[in-house]
Each structure stands twice: as structure tokens, then as C-alpha cells.
1. How many angstrom lie between the C-alpha centres of the stretch B:384-422 and the stretch A:107-166?
2. Under 26 Å Cα-Cα from B:Lys195, which lysines qualify once same-chain neighbours fewer than 8 residues away are excluded?
3. If you wrap a convex hull around the alpha carbons of the stretch B:1-68, what volume per residue comes out, as a whole number of Å³?
4. What is the Rg over Rh value, at two decimals, for the stretch B:227-314, using alpha-carbon atoms and the Kirkwood definition of Rh?
5. How many Å² of accessible area per residue for chain B, probe 1.4 Å?
6. Helix-only mean residue ellipticity at 222 nm, chain B, DSSP H runs n ≥ 4 weighted -39,500 (n - 2.57), per residue, nearest 500. What is it?
7. Have a look at A:Ile77, A:Ile135, A:Ile145 and tell me which one the Gaussian network model of chain A (Cα, springs below 10 Å) gives the largest fluctuation.
8. In chain B, what percent of the accessible surface is made up of carbon and sulfur (1.4 Å probe, ligands and nucleic acids excluded)?
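The values are calculated or read from the model by the stated rules, or taken from the named source; none is laboratory data. Everything quoted here is computed from the prediction, not taken from an experiment. Here the Cβ is made from the backbone with ideal geometry for all residues, glycine too, and neighbour counts use every protein chain on show. Side chains are part of the model used for accessible areas, which takes the heavy atoms of the whole protein and leaves out ligands, DNA and RNA. Shrake-Rupley method; radii C 1.70, N 1.55, O 1.52, S 1.80 Å.
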Amino acid sequence: MKEIKIKKIPRNGDTLKEKLYLPAIFEGMKVTFSHFIKNLKDTDNLRVIWYPEEKPKDITSRYRGVHRLTHRDDGSIRCVACFMCATACPAECIFIEAKERTDGVDEKMPKRFDIDLLECVFCGECVEACPCDAIRMDSGIFSFIGKKREDFILTKERLLKNTIAKDFND
Amino acid sequence: MSGVLLFVVIVNILVVIILSLGGVPVLVWLERRVAGFIQDRSGPNRCHIGGIRLGGLIQSFADMLKLVFKEDLLPAHVKNRFYFSLAPTIVLFCSILTFSIIPFADNLVIDGKSYSLQALPMSLGIIWFLAIAGLSVYGIILAGWSSDNKYSLLGGLRASASTISYEPIMALSVVTMIVLYGSVSLNTMVQEQSKLIFGFIPAWGILLQPIAAITFIVAAFAETNRTPFDLAEGESEIVGGFHTEYGAMKFGLFFVGEYVAMSASSGVIVALFFGGYNIPWLSTETIKLNISVISYVIIFLLPLFSYFFIKWMYKNNRWKRKNDIRNKESKVLTKGIVGFNIVLIISLLYFNLLLKTPNVISVLTALLQFGSFVIKLFMMNLVYIWVRWTLPRFRYDQLQTLCWKYLLPLSIANIFVTAIAVVWISA
């Protein structure tokens, strides 16, 4: 018969020292106090980013920031108004109106391309759905401020103006 | 009623109000900054008035202002509106009443007459504290019940259960101290602690009665509903507990009441176990005899401490962005500290050289003892805060087990041992 391997897990809490509670409590208080004194002596020990003055340095190229619409090599809009992103969007925050493209590069382009950032959940489904690599979320913008509701609706022009974040690779 | 008595009474009441209500913003600030530092983050430090941040203290004033000016909403489903509004006032009222029993300096002797430095100079002493501290839980129960809400009711029930359980522990540890000191008056108890054991150890309650000290401190934590016994709030389980339905200044009263209660029980712990207003090794008579030596020591030490504090401030009180108004704070505060030093040194020298009458000596002694009491009070409050950010919350059955199975037998045994020892020594 094969011997069954049994791993014995030690149970704590039976010794007098542990039942007294207080030694363990003092041990914990020692730990917190050492942190307190360390930070009180020199506030540079605090593990914080002083945010508005210091910007976060850990935003990687996979970070889903505010959307942008990409350009073709000739500088025109890459989007062909196929509505794939608007269909994939779970928050239904993308509004596209298509028009015919007459400059011979392609057949269709958006007349209007609005993203309502107040509805957007930044899931990135639109980026996944796009067959033309026309919409991306690699602008690196993590903070978006507006004073009116209308400020949060990104129009086609504003989306085209957003560029890839400086330190990201294409 | 003589003019001096009236003046002393007014000063007593003012001191209690300033220490209890005025201490709340300081305690809130301490709580947040200490919590931040313990968790390696900074805590609130941005709020400022003309660049003066005082290490973030301005934030608590801003929060209080916000609570005062917020719209006072009353939930539509609350049926007993009177009790709903009454509850927070009971909590605050009882907290301030418990605070007012604590002596903050020894009896002031002016022109041969003795004046007690307590806002409520009554003979009940510690009994008054036990009675009123127990009463303040009615506010919490009333809030929980009148909120017409499951979570609030649970919070109120938990608060009442933990208070009922821990009240006996508190009372029994106090009985030990009464047996030891032979009095219920807090002032007498504190005076007893100015003596020395074996001629060199201060006879503080914690050294004479370590077990009573531990049981009393644990019970005081449970009584004030602070972590690790804050089941009444239990924000991870029952939303906000008894104050779920409260907002604006009604919540503010609970908030202030909680901190005043914490401060009051710290004061009682200090008075019972840490020598109260006594400066270690210096009883009131010793201070009065050696007042010039003590004032010269202060004249020597104060600039030294100020120097190290200013050095620390210049190292740590900086703002990352240049040309920010907050960068000027250190210079302004340095001027303030230097000015304070000069004024204090000049007045102490003036007193030493020209104004050494018995009345002034007793006032100065009272001021020194008051300073000692305030330092001890804030140290104890710091312990409360420190424990809060170290320990997780007890489970409800653990709370009751700790109380009835461990602390109750321990404190009863302690009473017997103390009583036998006291009788044996005095016989």
C-alpha cells in the first residue's frame, strides 16, 4: 500500500505567550511605531508621489488613457466609419455619422465621431474591435478635466489632435 | 463669592472647553497624520491659509467649517425626529461632562486660600466619570434605534452590549485604585502619586497596579468605541453603524463627541495611572521650593528644543514646487518660535528677579503642572491613535470572551490581592 503523504500544519495560539495577547500587540505596536518614527524623521521616506507637482512615472504603453484617432501616412483620417467600435462599446458612448470619401483614398469616412467620456468605462473594446487600427487609447492622458458636461464630449477634431504619449513605442 | 474664586471658576471652565472642544481639531489632525506616517503615506498636508499649513492642521478646521455650513438633512423615513436630533447632543454633552472632572493642576493657593483646579470640583470624582461615561452610550443606542434602519440598530445594539460588558471591568479596576489610594476624589489620587517608592521611583498607578492599569485601559478603549473595539461603527460590516443616517453637523457632533470622549478617558487614565498633572520626581512642594532652579532649567532647555525643532522643520517642511507660497511657512514659523522663546525667557527672568511673591509662585507652579498634564494627555491620545492604526477589529464573540472570561476574573482577583496587601501593609 502506498503511503499517503501528510503535511502537518502547525497550529498557533496555544502557548501562554500567545494567549496573553499583549506580547503580540506590543510586537505589532513596535512595527507601526518604527514606521512612524522613520517617516517623522525624514518625510522623504514616505512612499508617495506628490501628485500635482510630481507626475506618475509608471504609466506603461498598455495603459488605457484617453482615446485618439490615428492618421494615415498622408495625414488624413484612418477611420472608415465601419461602426465596429460603436457596436462593440458596452457603454454606448461612441456616436458616428458616416459620409462618402471623395479624395480616392477610401470609400467612407466619419463626418462626426464623438466619444462621451462621462459614459466611457475605458474598457478598450473599441480599440480591440477596430479593423483599421484607427482608434487607440495610447495617448497616456490619465487625467481629464472639464467644467461643463459638453467639455467631456470628444469630437473628431479633438480626437485627431491627441497624439501618442512621448515615451511610448508605436 | 470673591473675585479670585469667580476668576478661577471661569478659567477652569474655559480650560475644559479649550482642552475638550478645542482639542478635537488637533486630535483629528494627529489621527490623520499619524495614520499616514504609520502607513508610509503623508496624510493631509495641502490645506493652507496664506501659506501657513501647520503640518496639515488647517485641514481639520476646513473640515469643521464644511460640517457646520452643510445643509442639515433629516431623512424622510425617520419617525422619531426628536430622539433622532437628541442623540448626538447626548453623546457630546456626556463627553464634555466626563472631561470636566479631571484635575489639571494641584490646588491653587492664593492669599492662603486654596482653589481647586477642576471644572466640577465635586467629591464624587471617579464615580462621576463612571456614571457619565456609561450614560453617553444612551446617545449611541438612541441614534441606532431612531434611525429606523437595520444597520444603525445593529450598531446601537453592539455599542450597548460592549458598554454593558466593559462597564464592570472599568468599575472593578477603579475599585482597586480606590482601595489603594483610599479616596474617590481624583485630585487626592493624583496627589498620592507625587510620592516616591523606595525614594527614587515615582509612585505612579501603573507601577503600583499594572494589572488594574491594563484592564482599565482595555475597558476605556471599549467604552469609547475605538479600535480594536469599534464594532458600533464597523464600517466594513454595517455601513457606518449608528451614524449611518446622520449628516452635516449632526454627524459632526458624534464625531466631536467621540474625540472628546477619547480625550476624557485619556485624561482619566493619566490621572489614575500616569501621575496626573505631576511632573515626575517633583511634587508641588518641591516645585514651589525650587522654582528659580526650575525656571532657569526651562530658560536653558527651551531654546535648545526650539533649535532642534526648527532644524527638523527646515528639513521636512518643504514644498516640491518652487515659488509656492507654502515654501515661506518655515520662515514665518521660525519667527513665531523665536518670538515665543524671547517672550517666555524675558517673563521668566522678570519673575525670578523682581516678582517672587507666594501668589505668583503658586500660579507658576499650576502652569507648569498644567503643561505636564497637557503633554501627558496628548501622549495618551497618541497611544489611542497608535493602537487604532495597529490592531484590526475584534470579532463580536472575541470581544465578549475577552471581557467575561479573562478580564473579569483578572480584575476581581486583583481586587482581593490589593485589598489583602493594603490591609497587611497598614496593619
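1. So the two Cα centres are separated by 60 Å.
2. B:Lys113, B:Lys288, B:Lys376
3. Values: hull volume 8.1 nm³, N = 68.
Hull volume over Cα atoms, normalised by residue count, gives 119 Å³.
4. On the way: Rg = 21.5 Å, Rh = 17.6 Å.
Reported Rg/Rh (Cα atoms, Kirkwood Rh): 1.22.
5. On the way: 20150 Å² over 427 residues.
Counting only protein heavy atoms, the per-residue value for chain B is 47 Å².
6. Numbers: 16 runs with 284 residues, N = 427.
So the helix-based figure for chain B works out to -22500 deg cm²/dmol.
7. Checking each option, the largest mean-square fluctuation is seen for A:Ile145.
8. Values: 14910 of 20150 Å².
After summing per-atom areas, the C and S share lands at 74 percent.
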